[in-house]
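S.K.: After the structure tokens below, expect a handful of questions from me.
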Amino acid sequence: MLLLSRVVVGLLLFGAFVFSIQSIGRTYDIATGGPEVRLVLNTFSPNLFPALHDTKAGFDDGWQGRPMREDRGPLPALQAAAGGFELAADPREPLLRYREPTPWKRVALFYLGASESLFSLPWLLFLAIGSHLLWRLLRDVTPATPFTFANARRLSQLALLVLGSFIWEKVAYILVRALVPAFRAPGLAETLNHYVSLNTENTLPNVWVGVGLTVIAIVYRRGVELSQEAELVI
């Protein structure tokens with residue numbers, strides 16, 4: 001099982017290398033290609049702190065005696081030539097298309113994860129760093145030394161990596177709001193850049209995984225301490 005785990009982690013490391021090479025070519029295509037940007041939208045609630053938004057909306061409805069509002073589905077197709085954007089109707093989720101003449105902005109959106117593809121810079125960094133930490137952790141695990149302080153430290157670093165990726169996602173949404181023009185569509189309280197979805201929501205673990213890893217790291221470290229105390233007693 002340990003050997004199989006090392007093989008799997010080794011494949012993840014190799015995958016991170018391959019994706020890094022592919023990202024270079026993709027970056028060149030975006031920078032030198034057409035100016036069109038395609039962004040997936042989630043019009044149910046704004047992308048920053050949606051739980052707070054939904055709680056406030058429910059409170060306002062209850063306070064004013066209004067019935068609970070139904071979840072908003074895909075918006076009707078909308079074209080605004082003057083505004084330079086198109087809101088395409090989709091059976092599952094709306095799609096925003098617009099022309100961005102600045103190459104570095106198109107590349108920045110791509111690396112932030114504001115694209116239809118699964119690639120993003122946070123995901124690539126998470127895959128590379130996480131695989132490297134797991135590889136070193138599995139390499140140091142032996143039947144003679146199953147518990148080491150070095151591996152306890154690596155588990156803590158993995159937990160910090162997951163929690164850091166969660167924080168970065170919130171920062172990325174702020175950057176996306178600054179990069180995407182403030183287009184407006186009927187029926188939405190905020191401009192469309194407040195509803196852009198990042199693909200990191202599907203490719204990065206959520207905050208509860210980070211909390212779980214933190215607990216495991218604490219328990220593991222305590223196990224190392226108890227193991228060393230037992231060796232001293234013997």
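The values are calculated or read from the model by the stated rules, or taken from the named source; none is laboratory data. Since the model is a prediction, treat every value here as computed from it, not as a measurement. Glycine also receives a Cβ, built like all others from the backbone with ideal geometry; neighbour counts cover every protein chain displayed. Quick note on the areas: whole protein, heavy atoms, side chains included, nothing else; ligands and nucleic acids left out. Shrake-Rupley method; radii C 1.70, N 1.55, O 1.52, S 1.80 Å.
S.K.: Quick check on P101: is it outside any helix (DSSP H, G or I), modelled with pLDDT of 90 or more and open to solvent by 100 Å² or more (accessible area, probe 1.4 Å)?
M.R.: Considered against the rule, which asks whether it is outside any helix (DSSP H, G or I), modelled with pLDDT of 90 or more and open to solvent by 100 Å² or more (accessible area, probe 1.4 Å), P101 comes out as yes.
S.K.: Further question: Hey, does region 31-42 have a residue that's small (G, A, S), out of contact with any Lys or Arg (no Cβ under 9 Å at 6 or more places or on another chain), exposed (fewer than 12 other Cβ atoms within 10 Å of the Cβ) and at pLDDT below 90?
M.R.: Looking only at region 31-42, we keep the residues that are small (G, A, S), and these are 31, 33-34.
Narrowing the set further to residues that are out of contact with any Lys or Arg (no Cβ under 9 Å at 6 or more places or on another chain) leaves none.
No - not one qualifying residue is present in region 31-42.
S.K.: Taking the stated definitions as given, is A150 in contact with a Lys or Arg (Cβ under 9 Å, 6 or more places away or on another chain) and surrounded by fewer than 16 Cβ atoms within 10 Å (Cβ to Cβ)?
M.R.: Yes.
S.K.: Among the residues of region 114-125, are any modelled with pLDDT of 85 or more, open to solvent by less than 60 Å² (accessible area, probe 1.4 Å), under 30 Å from G210 (Cα atoms) and small (G, A, S)?
M.R.: There is at least one residue in region 114-125 that is modelled with pLDDT of 85 or more, open to solvent by less than 60 Å² (accessible area, probe 1.4 Å), under 30 Å from G210 (Cα atoms) and small (G, A, S).
S.K.: May I ask you to list pairs of residues, at least six apart or on different chains, whose Cβ atoms are under 8 Å apart, with the first in region 141-161 being touching a residue at least 24 places away in the same chain (Cβ under 8 Å) and the second being of a type outside the set (V, I, T) and surrounded by fewer than 15 Cβ atoms within 10 Å (Cβ to Cβ)?
M.R.: V141/L2; F147/G223; F147/S227; T148/D140; N151/D140
S.K.: Out of the residues in region 181-213 meeting the condition of being open to solvent by 50 Å² or more (accessible area, probe 1.4 Å) and assigned to a helix (DSSP H, G or I), tell me which one is modelled with the lowest pLDDT.
M.R.: So the residue we want is N202.
S.K.: Check A172, A178, A144, A108 and return the single one that is surrounded by fewer than 16 Cβ atoms within 10 Å (Cβ to Cβ) and at pLDDT 90 or above.
M.R.: A178
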